[in-house]
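Participant: I have a structure I would like to understand better, so I am pasting it below and will then ask my questions one at a time.
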Amino acid sequence: SARKDVEYTFRHFRELAEYLMDISLITIGRMSNCPEASLVHKYSERFCRLSPLIGIRPLKIVEIDEKKFGTPETQAIKIREKIRDKAKVYLFDEGGQVLSSGDFSELLVKQRDTGVRQQTFVIGGAFGFCQSLKKDVDGMISLGRMVWPHFLARVLVLEQVYRAASLMTGSPYHK
């Protein structure tokens with residue numbers, strides 16, 4: 001009987017897994033052994049530990065080589081290739097909407113609860129995004145009025161994704 005319970009639980013879990021939301025972060029530029037890489041890893045790991053509790057799969061980071069795709073137009077082509085069908089796409093752009101951490105968390109909750117299965121965030125390169133890509137997305141989010149180096153922007157975004165997950169679980173991390 002215990003075996004049947006395990007089989008049922010596994011089958012039920014597999015069925016539920018189809019409804020989990022994926023979050024992808026597409027970034028222009030590859031991170032090597034820079035100091036920011038450890039922070040990216042830290043917040044990504046923390047999020048991945050919480051993600052099963054909030055109905056979201058572990059985060060996927062997709063890097064696009066800035067040297068191969070050097071202009072905003074060629075980067076947009078590559079970004080579009082990496083975006084999955086039916087994904088909700090938000091660009092991190094200085095012209096985007098400024099959100100509080102709570103608002104960002106609410107955005108993720110809303111996407112998850114309304115059936116979004118693929119949420120994609122994109123951090124652009126040094127020259128930003130081309131206008132055609134900006135027109136094709138679901139929204140733009142600003143990290144504030146200051147301009148941030150690409151690798152620090154990645155740390156900030158991942159920390160906010162982790163903070164959003166912490167808010168969803170009621171964790172005391174968000175003080």
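Participant: Report, in debye and to the nearest 20, how large the dipole of the chain comes out about its Cα centre when Lys and Arg carry +1 and Asp and Glu carry -1 on their Cβ.
Facilitator: Details: 27 positive and 21 negative charges, 65 e Å.
Computed charge dipole of the chain: roughly 320 debye.
Participant: Another one. For the stretch 21-64, just say rounded, prolate or oblate: build the C-alpha gyration tensor, square-root its eigenvalues into a ≥ b ≥ c, call rounded for a/c under 1.5, and beyond that prolate if a/b exceeds b/c, oblate if not. Show your work: numbers first, answer last.
Facilitator: Details: a/c = 4.69, a/b = 1.59, b/c = 2.96.
In terms of gyration-tensor shape, oblate.
Participant: If you don't mind, there's one more thing I want to ask. Between residue 131 and residue 57, what FRET efficiency comes out of the Förster formula 1/(1 + (r/R0)^6) with R0 = 35 Å and r the beta carbon distance, rounded to 0.05? Mind showing how you got there, number by number?
Facilitator: Working: r = 32 Å, r/R0 = 0.91.
Efficiency at R0 = 35 Å is approximately 0.65.
Participant: While we're looking at this one, here's another question. I need the shape label for the stretch 32-159. Rule: rounded when a/c is under 1.5, else prolate if a/b > b/c, else oblate, with a, b, c from the alpha carbon gyration tensor. Before the final figure, lay out the partial values.
Facilitator: On the way: a/c = 1.44, a/b = 1.19, b/c = 1.21.
Rounded shape, in that the Cα axes give a/c under 1.5.
Participant: Taking +1 at the Cβ of each Lys and Arg and -1 at the Cβ of each Asp and Glu, which of 90, 115, 104 sits farthest along the dipole of the chain towards its positive end, judged by Cα position relative to the Cα centre?
Facilitator: Checked the options; the winner is 115.
Participant: Once a ≥ b ≥ c are taken as the square roots of the eigenvalues of the Cα gyration tensor of the stretch 123-175, is the result rounded (a/c under 1.5), prolate (a/b larger than b/c) or oblate (a/b not larger than b/c)? Can you show the working numbers first?
Facilitator: Numbers: a/c = 3.14, a/b = 1.84, b/c = 1.70.
It is prolate, given that a/c is not under 1.5 and a/b is the larger ratio.
Participant: Then there is this: Within the stretch 32-103, which trypsin sites (Lys or Arg not before Pro) sit in a loop by DSSP and count at most 14 neighbouring Cβ atoms inside 10 Å? Show your work: numbers first, answer last.
Facilitator: Working: sites: 42, 46, 49, 60, 67, 68, 78, 80, 82, 84, 86, 88; in loops: 67, 68, 84, 86.
Those satisfying the criteria are 67, 68, 84, 86.
Participant: Let me ask something else about it. Could you work out how far apart the two model spin labels at residue 73 and residue 148 are, taking each label as a point 7 Å from the Cα in the direction of the beta carbon, and quote it in nm?
Facilitator: 3.0 nm
Participant: Applying the Karplus parametrisation 6.51 cos²θ - 1.76 cosθ + 1.60 with θ = phi - 60° to the phi angles of the stretch 38-50, what ³J(HN,Hα) value in whole Hz is obtained for each residue in order, glycine and proline being reported as x?
Facilitator: 5, 5, 4, 4, 4, 6, 5, 4, 4, 4, 4, 5, 8
Participant: Now a separate question. Taking 0.36 nm per residue of sequence separation and subtracting the Cα-Cα distance, how much length would be gained by fully extending the chain between residue 49 and residue 36, in nm to one decimal?
Facilitator: On the way: separation 13, 0.36 × 13 = 4.68 nm, distance 2.03 nm.
Computed gain between residue 49 and residue 36 is 2.6 nm.
Participant: Can you tell me the 0 to 90 degree angle between the C-alpha axis of helix 2-17 and the longest principal axis of the chain, rounded to 10?
Facilitator: So the helix axis and the longest Cα principal axis differ by about 30 degrees.
Participant: Summing -39500 (n - 2.57) over the DSSP H runs of n ≥ 4 in the chain and dividing by its residue number, what mean residue ellipticity at 222 nm do you reach, to the nearest 500 deg cm²/dmol?
Facilitator: Working: 6 runs with 82 residues, N = 175.
About -15000 deg cm²/dmol.
Participant: Only bridges with both residues in the chain count here: give the DSSP antiparallel percent, nearest 5. Working shown, then result.
Facilitator: Working: 1 of 23 bridges.
Bridges in the chain that DSSP calls antiparallel: roughly 5 percent.
Participant: Here is a follow-up. Karplus couplings for the stretch 71-86 from phi (6.51 cos²θ - 1.76 cosθ + 1.60, θ = phi - 60°), rounded to Hz, Gly and Pro as x?
Facilitator: 10, x, 5, 6, 5, 4, 4, 5, 4, 4, 5, 7, 7, 6, 4, 6
We did not get these values from a lab; they are worked out from the coordinates using the rules stated. All of these numbers come straight from a predicted model, not from anything done at the bench. Here the Cβ is made from the backbone with ideal geometry for all residues, glycine too, and neighbour counts use every protein chain on show.
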